[in-house]
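To start, the structure itself, in structure tokens.
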Amino acid sequence: MQPAFEVLVSRPSNESLCIRLAGTFESPGPAPDAAAALAAIDDEIRSIHFETNALRSWDSTLMAFLLKLVRSAEALGIAVELDALPSGARRLLALATAVPEADPARPEVAAHGKLARAGVRAAGAWVETQKVTTFVGEVALSVIKLVRGRARFRGGDVWRVIQEAGPSALPIVSLISFLVGLILAFVAAVQLQYFGAQIYVADLVALGMAREMGAMMTGIIMAGRTGAAFAAQLGAMTANEEIDALSTFGIPPIDFLVLPRMIALVAMMPLLVLYSDLVGILGGLVVGVTILDLNFAEYVNETRAALDLADFGTGLFKGAVYGVAIAVAGCLRGMQSGRSSAAVGEATTSAVVTAIVWIVLTSAALTLVYNVLGI
Amino acid sequence: MSSTGTQIEVRGLEIGYGDFSVQHGLDFSIESGDIFVIIGGSGCGKSTLLRALFGLTRPKRGSILYRGEDFWEAPTAQRQRWMQRFGVLFQAGALWSSMTLAENIALPLGEYTDLSKAEIRDRASWVLSLVGLAGFEDFRPAEISGGMRKRAGLARAVALDPEILFFDEPSAGLDPLSSKRLDELILLLQETLGSTIVMVTHELASIFGIGTKALFLDAESHTQLALGSPAWLRDECPDPKVRTFLRRGENG
Ligand SMILES: Nc1ncnc2c1ncn2[C@@H]1O[C@H](COP(=O)(O)OP(=O)(O)OP(=O)(O)O)[C@@H](O)[C@H]1O
Ligand SMILES: [Mg+2]
């Protein structure tokens, strides 16, 4: 768009600058460039004045330009004569400059070298580790209180979370587990076909689901569903000072908010894992019977022979541990959240990431332990 | 529950977040039965000071003596027992959003009294009526207006007949009539229960109407500029900044 105004900088004397404003300065038109006017200033300039005979109309477009000009000139110790400006503009400018530009004492975001940045990051990681350990410790103390029957929370909260985390998660758990069972069967079939040993697809799917995949898939689904919900709920409560309010009433937020969520999730996870195992095995069965042309009864028999209770047990135990990890990660990130809606969003994302990382780590650790113990 | 003497004494207090100091060099005392008002420009640290006084933000330096004993040096359990005698109204109400108003008030009552469920419900209705919210027992915080949330937060704060009440801008967001009723309520609480009241407020009518002592925090020098009766701060305080502030910018 063609500007409907003109800003002319002239120099009537060695020590003064005259800025001539002409035409209309109105949104949504383009804005005058303060930097161009400021570029005309050199060491000898002592004062700036305006000429506004041809100024027709103006709005914030002009005011933003003037404010920048006045602030910069002040910083250089140059006097600005505002007399020629329209009186409304003068008064607005006076209001805008009444409170000096703040220089809020914020923690400095240092822009140092690589080494310093690495140091800052390492220190940050250490603080973060301390926070996580403190939180886990506090949760552990709450659990001890719970065992002693002295933790304070409302039974109704546990039921509500059980509702949210359990039955309503069934559809998505069904879908994912069924598909994972299918995939396992296909992967196994391609290899086993070379040996004419397709029937062992049943063993692979059964063991794979019961020992690892059932728990892992349920864990990841619940991290995205329930862990994220925990972080969002607690994050919103932090933002609204609700958690502070609990503390001032002497009600420990960990007892009151984290325990019910953890109890509900630890109770529901093994059930969901068992369900997921069965659906996954069903998925494998469908592939076996329809595509690999295996006999239904044979497949079922092979599955039953492959599995014993310990296999399910290891998976269910993993599920319960993942439940703790998801609940702790969700609640931790929620309670660490800042006091804004953006911070709540970040807390939610971070809760899911944290939970998934913890799930994979504990999965590896538990598999190792099972291996050593020979379970 | 009323008592006499100094309730809170603050010595050389510095408050802030991380490395960032919000206020320093604070020295004042709050006597039993005072209606102590904290005033100052926006962002000068009033809410932060209040949080240090009622036990949420640990001060960076200095001490807060609660009835002669160091509040922040005491063991956590002891501090929590003291905090049970406080009632707090947060700047935005801070009601628990998953509970109805009645449940919000019932939760602390259930924790700290031996009242039966029905008695707790009656008590909740009583404090809600005090703040003009009779009939809203079963509403959730999201279903009422901002000013109503503020009043419900006040009801929750006074439900346990606390010894010291901390209010963060109780009348912000209220219409002039509600705000006058609130002042009356605060005065009544102070007279009948002998509660000590510490509040942050910008309401000149409240400051001069019910305040007995005022503390002025300055945003630029980051320290207290004046301490005394509100009228003294307005008329005789040697610092012109304080006088101007209390006259809404008109010099006197
Ligand atoms: N959680 C926080 N982390 C870091 N800085 C904070 C935090 N809360 C407040 N601040 C900073 O502390 C200063 C004082 O904030 P505070 O909320 O105490 O102000 P206030 O006097 O209550 O203001 P208002 O009258 O607007 O409520 C502000 O400059 C703010 O930037
Ligand atoms: Mg505040």
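Out of A:S60, A:S47, I need the residue that is among the polar types (S, T, N, Q) and either open to solvent by 90 Å² or more (accessible area, probe 1.4 Å) or more than 30 Å from B:G249 (Cα to Cα) (or both). Which one? Explain how you work it out, then say what you get.
Numbers: A:S60 fails: either open to solvent by 90 Å² or more (accessible area, probe 1.4 Å) or more than 30 Å from B:G249 (Cα to Cα) (or both).
The match here is A:S47.
Filtering the stretch B:47-73 down to residues that are over 15 Å from B:M83 (Cβ atoms) and small (G, A, S), which residue is nearest to ligand 1 (Cβ to nearest atom)?
B:S47
Quick check on B:A219: is it within 16 Å of ligand 1 (Cβ to nearest atom) and more than 24 Å from B:L107 (Cα to Cα)? Reasoning before the result, please.
Numbers: within 16 Å of ligand 1 (Cβ to nearest atom): yes; more than 24 Å from B:L107 (Cα to Cα): yes.
Yes, satisfied.
Filter the stretch A:271-284 down to residues that are open to solvent by 30 Å² or more (accessible area, probe 1.4 Å) and farther than 9 Å from A:G214 by Cβ, then give me how many there are. Before the answer, list the steps.
Start the filter on the stretch A:271-284 by keeping residues that are open to solvent by 30 Å² or more (accessible area, probe 1.4 Å), which leaves A:271, A:274-275, A:278, A:282.
From the residues that got through so far, the ones that are farther than 9 Å from A:G214 by Cβ too are A:271, A:282.
Looking only at that region, the number is 2.
Evaluate the stretch A:13-33: report whether one residue or more is surrounded by 12 or more Cβ atoms within 10 Å (Cβ to Cβ) and closer than 29 Å to B:A219 by Cβ.
Filtering the stretch A:13-33 down to residues surrounded by 12 or more Cβ atoms within 10 Å (Cβ to Cβ) leaves A:16-26, A:29-33.
Restricting the remaining residues to those that are closer than 29 Å to B:A219 by Cβ gives none.
No, the conditions are met nowhere in the stretch A:13-33.
Looking at the stretch B:61-86 only, could you name the residues that are open to solvent by 20 Å² or more (accessible area, probe 1.4 Å) and at the interface with chain A (Cβ under 9 Å from one of its Cβ atoms)?
B:Q80, B:R81, B:Q84 - these are the residues of the stretch B:61-86 that are open to solvent by 20 Å² or more (accessible area, probe 1.4 Å) and at the interface with chain A (Cβ under 9 Å from one of its Cβ atoms).
What are the residues in the stretch B:28-40 that are charged (D, E, K, R) and buried (at least 17 other Cβ atoms within 10 Å of the Cβ), if any?
Taking the stretch B:28-40 as the starting set, the residues that turn out to be charged (D, E, K, R) are B:31, B:34.
The answer is B:D34, and nothing else.
Considering only residues of the stretch B:159-187 that are at positive phi and modelled with pLDDT of 85 or more, which is farthest from ligand 2 (Cβ to nearest atom)?
Within the stretch B:159-187, the first condition is being at positive phi, and the residues that meet it are B:161, B:169, B:173.
Narrowing further to those that are modelled with pLDDT of 85 or more: B:161, B:169.
Values: B:D161: 26, B:E169: 6 Å.
The residue in question is B:D161.
May I ask you to list pairs of residues, at least six apart or on different chains, whose Cβ atoms are under 9 Å apart, with the first in the stretch B:225-250 being over 11 Å from B:I39 (Cα atoms) and the second being surrounded by fewer than 14 Cβ atoms within 10 Å (Cβ to Cβ) and basic (K, R)?
Qualifying pairs under 9 Å: B:R234/B:R247.
Among the listed residues A:V127, A:V120, A:V109, which satisfies the condition of being at pLDDT below 90 and within 16 Å of ligand 1 (Cβ to nearest atom)? Break it down into steps so the answer makes sense when it comes.
On the way: A:V127 fails: at pLDDT below 90; A:V120 fails: within 16 Å of ligand 1 (Cβ to nearest atom).
Just one listed residue meets the conditions, A:V109.
All but one of (1) within 16 Å of ligand 2 (Cβ to nearest atom); (2) assigned to a helix (DSSP H, G or I); (3) surrounded by fewer than 19 Cβ atoms within 10 Å (Cβ to Cβ) hold for B:E191; state the number of the condition that does not hold.
Here B:E191 meets the rest and fails (1).
Which of the residues that make up the stretch A:214-236 are within 13 Å of chain B (Cβ to nearest Cβ) and open to solvent by 20 Å² or more (accessible area, probe 1.4 Å)?
Scanning the stretch A:214-236 gives A:A229, A:A232, A:Q233, A:A236.
Quick check: anything in the stretch B:51-60 facing chain A (nearest Cβ under 9 Å), among the charged types (D, E, K, R) and within 16 Å of ligand 2 (Cβ to nearest atom)? First the steps, then the outcome.
Initial filter on the stretch B:51-60 (facing chain A (nearest Cβ under 9 Å)): B:51, B:54-56.
Add one more test, that the residue is among the charged types (D, E, K, R), and what stays is B:51.
Remaining after also requiring within 16 Å of ligand 2 (Cβ to nearest atom): B:51.
For the stretch B:51-60, residues facing chain A (nearest Cβ under 9 Å), among the charged types (D, E, K, R) and within 16 Å of ligand 2 (Cβ to nearest atom): present.
A:I199 - would you say it is in the same structural domain as A:A267 (by TED's automatic domain parsing), more than 26 Å from the chain's Cα centre (by Cα) and β-branched (V, I, T)? Full working, then the answer.
Numbers: in the same structural domain as A:A267 (by TED's automatic domain parsing): yes; more than 26 Å from the chain's Cα centre (by Cα): yes; β-branched (V, I, T): yes.
For A:I199, the condition - in the same structural domain as A:A267 (by TED's automatic domain parsing), more than 26 Å from the chain's Cα centre (by Cα) and β-branched (V, I, T) - is met.
Under 7 Å between Cβ atoms, which residue pairs at least 6 apart in sequence (or on different chains) link something in the stretch A:331-347 that is touching a residue at least 40 places away in the same chain (Cβ under 8 Å) and part of a helix (DSSP H, G or I) with a partner that is among the aromatic types (F, W, Y) and more than 16 Å from ligand 2 (Cβ to nearest atom)?
Once the first residue is touching a residue at least 40 places away in the same chain (Cβ under 8 Å) and part of a helix (DSSP H, G or I) and sits in the stretch A:331-347, its partners that are among the aromatic types (F, W, Y) and more than 16 Å from ligand 2 (Cβ to nearest atom) give A:C331/A:F230; A:L332/A:F135; A:G334/A:F230.
Determine, yes or no, whether A:E298 is assigned by TED's automatic domain parsing to the domain that holds A:A231, open to solvent by 70 Å² or more (accessible area, probe 1.4 Å), within 26 Å of the chain's Cα centre (by Cα) and modelled with pLDDT of 90 or more.
Details: assigned by TED's automatic domain parsing to the domain that holds A:A231: yes; open to solvent by 70 Å² or more (accessible area, probe 1.4 Å): yes; within 26 Å of the chain's Cα centre (by Cα): no; modelled with pLDDT of 90 or more: yes.
So A:E298 fails the test.
Take residues that are in contact (Cβ under 8 Å) with a residue 12 or more places away in the chain and more than 27 Å from B:S97 (Cα to Cα) and tell me which of the helices (runs of 4 or more DSSP H) falling wholly in the stretch A:231-321 contain 2 or more.
Numbers: elements: A:242-248, A:259-290, A:296-306.
By residue number, A:259-290, A:296-306.
Would you mind listing the helices (runs of 4 or more DSSP H) fully within the stretch A:84-189 where at least 3 residues are farther than 30 Å from A:S72 by Cβ and either within 14 Å of chain B (Cβ to nearest Cβ) or in contact with a strand residue (DSSP E or B) (Cβ under 8 Å, 6 or more places away or on another chain) (or both)?
On the way: elements: A:87-98, A:114-147, A:155-165.
Filter on the stretch A:84-189 gives A:114-147, A:155-165.
Residue-by-condition table, conditions (1) surrounded by fewer than 16 Cβ atoms within 10 Å (Cβ to Cβ); (2) aromatic (F, W, Y); (3) closer than 22 Å to A:P252 by Cβ:
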{"residue": "B:L26", "(1), (2), (3)": "no, no, no"}
{"residue": "B:A52", "(1), (2), (3)": "no, no, yes"}
{"residue": "B:G55", "(1), (2), (3)": "no, no, yes"}
{"residue": "B:F90", "(1), (2), (3)": "no, yes, yes"}
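Which one of these is within 16 Å of ligand 2 (Cβ to nearest atom) and surrounded by fewer than 14 Cβ atoms within 10 Å (Cβ to Cβ): B:G12, B:G43?
Working: B:G12 fails: within 16 Å of ligand 2 (Cβ to nearest atom).
Exactly one residue qualifies, and that residue is B:G43.
Among the candidates A:A325, A:A239, which residue alone is within 14 Å of chain B (Cβ to nearest Cβ) and within 24 Å of the chain's Cα centre (by Cα)? Quick ask: steps written out before the conclusion?
Details: A:A325 fails: within 14 Å of chain B (Cβ to nearest Cβ).
Sole residue among the options that is within 14 Å of chain B (Cβ to nearest Cβ) and within 24 Å of the chain's Cα centre (by Cα): A:A239.
Considering only the stretch B:87-161, give the helices (runs of 4 or more DSSP H) lying wholly within it that have at least 3 residues that are within 14 Å of chain A (Cβ to nearest Cβ), farther than 24 Å from B:Q190 by Cβ and of a type outside the set (D, E).
B:101-112
Applying the selection to the stretch B:135-158, what residues are farther than 29 Å from B:Q80 by Cβ and either among the aliphatic types (A, V, I, L, M) or away from ligand 2 (no atom under 16 Å from the Cβ) (or both)? Walk me through how you get there before you give the answer.
Here is the first cut: in the stretch B:135-158, the ones farther than 29 Å from B:Q80 by Cβ are B:135-136, B:138-139, B:142-148.
Scanning the stretch B:135-158 gives B:G135, B:F136, B:D138, B:F139, B:A142, B:E143, B:I144, B:S145, B:G147, B:M148.
Restricting to the stretch B:66-86, name every residue that is part of a loop (DSSP other than H, G, I, E, B) and in contact with a strand residue (DSSP E or B) (Cβ under 9 Å, 6 or more places away or on another chain). Walk me through it before giving the result.
Of the stretch B:66-86, the ones part of a loop (DSSP other than H, G, I, E, B) are B:67-68, B:71-75, B:84-85.
If the condition is that a residue be part of a loop (DSSP other than H, G, I, E, B) and in contact with a strand residue (DSSP E or B) (Cβ under 9 Å, 6 or more places away or on another chain), then B:R67, B:G68, B:F71, B:W72, B:E73, B:A74, B:R85 are the ones that fit.
The values are calculated or read from the model by the stated rules, or taken from the named source; none is laboratory data. Given the structure is predicted, the values throughout are model-derived calculations rather than measurements. No Cβ is skipped: glycine too gets one built from the backbone with ideal geometry, and neighbour counts run over all protein chains shown. The accessibility values were calculated without ligands, DNA or RNA, using every heavy atom of the protein model including side chains. Shrake-Rupley method; radii C 1.70, N 1.55, O 1.52, S 1.80 Å.
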